[in-house]
Amino acid sequence: MATLKPGDKAPAFALADQDNQKRSLADYTGHALFIYFYPKALTPGCTTQSCNVRDALAELTPLGVAVVGISPDPPLLQKQFDEHHGLGFPLLADTEHAVAEAYGVWGEKSMYGKTYMGITRSAFLIDAQGKIAQAWYKIRPEETVPELRKALGSLQS
């Protein structure tokens with residue numbers, strides 16, 4: 001898996017959200033964008049992570065930071081996840097995992113002795129020019145928002 005680092009151009013994407021509307025990286029040109037990749041909607045870790053991001057929207061929005069979650073789940077499951085937890089931001093369906101591969105977050109995983117392909121929970125802060133400002137691979141759900149806050153603080157100082 002190739003990894004992205006600060007200064008790299010963010011890979012473009014165009015995916016359907018939970019309402020089947022196409023969302024692309026180009027939609028966010030001129031604004032900071034926080035993207036986080038999660039393995040599966042409606043699971044405990046992904047719920048913790050997504051609800052923490054939802055709760056941080058009140059401080060991110062005034063800073064001009066948009067938020068997008070991405071998983072391999074289809075739009076219908078993303079919609080259920082959004083409605084069940086009142087997330088209120090785009091959840092993109094990367095069912096073919098092409099975007100996950102481009103960001104270096106799709107790979108072999110193992111659980112209970114079984115290996116399979118899936119998302120490595122990761123997050124990216126993309127600047128207004130479409131470059132990676134910060135990349136967090138293998139981030140824990142509860143660390144996602146605190147790490148984003150640290151990065152935003154260092155960008156503003």
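Is it the case that Glu108 is farther than 24 Å from Leu4 by Cβ and acidic (Asp, Glu)?
In short, no.
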Next item on the list: Would you point out the residue of the stretch 115-153, among those that are within 16 Å of Tyr36 (Cβ to Cβ) and polar (S, T, N, Q), that is surrounded by the fewest Cβ atoms within 10 Å (Cβ to Cβ)?
Entry: Thr120
Check: Among Gln129, Gln134, which is assigned to a loop (DSSP other than H, G, I, E, B) and modelled with pLDDT of 90 or more?
Finding: Gln129
Margin query: Whether any residue in the stretch 146-156 is of a type outside the set (Gly, Ala, Ser), at pLDDT 95 or above and either closer than 21 Å to Gln21 by Cβ or in a strand (DSSP E or B) (or both) is what I want to check.
Written below: no
Check: Can you name the condition, by its number, that Lys114 falls short on among (1) within 24 Å of Ala12 (Cβ to Cβ); (2) out of contact with any Pro (no Cβ under 9 Å at 6 or more places or on another chain); (3) among the basic types (Lys, Arg)?
Finding: (1)
Item checked: Among (1) of a type outside the set (A, V, I, L, M); (2) in a helix (DSSP H, G or I); (3) touching a Pro at 6+ places or on another chain (Cβ under 9 Å), the one test that Asp19 misses -> (2)
Notebook entry, point to check: Which members of the stretch 77-95 meet the condition of being touching a residue at least 12 places away in the same chain (Cβ under 8 Å), at negative phi and over 15 Å from the mean Cα position of the chain (by Cα)?
Noted result: Leu77, Lys79, Gln80, His84, His85
Notebook entry, point to check: List, please: which pairs have Cβ atoms under 9 Å, are six or more places apart or on different chains, and start with a residue in the stretch 101-114 that is closer than 16 Å to Phe37 by Cβ and assigned to a loop (DSSP other than H, G, I, E, B) and end with one that is of a type outside the set (Phe, Trp, Tyr) and modelled with pLDDT under 85?
Noted result: Gly104/Met1; Gly104/Ala2; Val105/Met1
Check: Taking Ala26 and the conditions (1) among the hydrophobic types (A, V, I, L, M, F, W, C); (2) under 21 Å from Ala133 (Cβ atoms); (3) in a helix (DSSP H, G or I); (4) under 15 Å from the mean Cα position of the chain (by Cα), which numbered condition does it fall short on, given that it satisfies the others?
Finding: (4)
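The values are calculated or read from the model by the stated rules, or taken from the named source; none is laboratory data. Keep in mind that what you see is a predicted model, and the values were worked out from it rather than measured. Glycine gets a Cβ as well: all are built from the backbone with ideal geometry, and neighbour counts include every protein chain shown.
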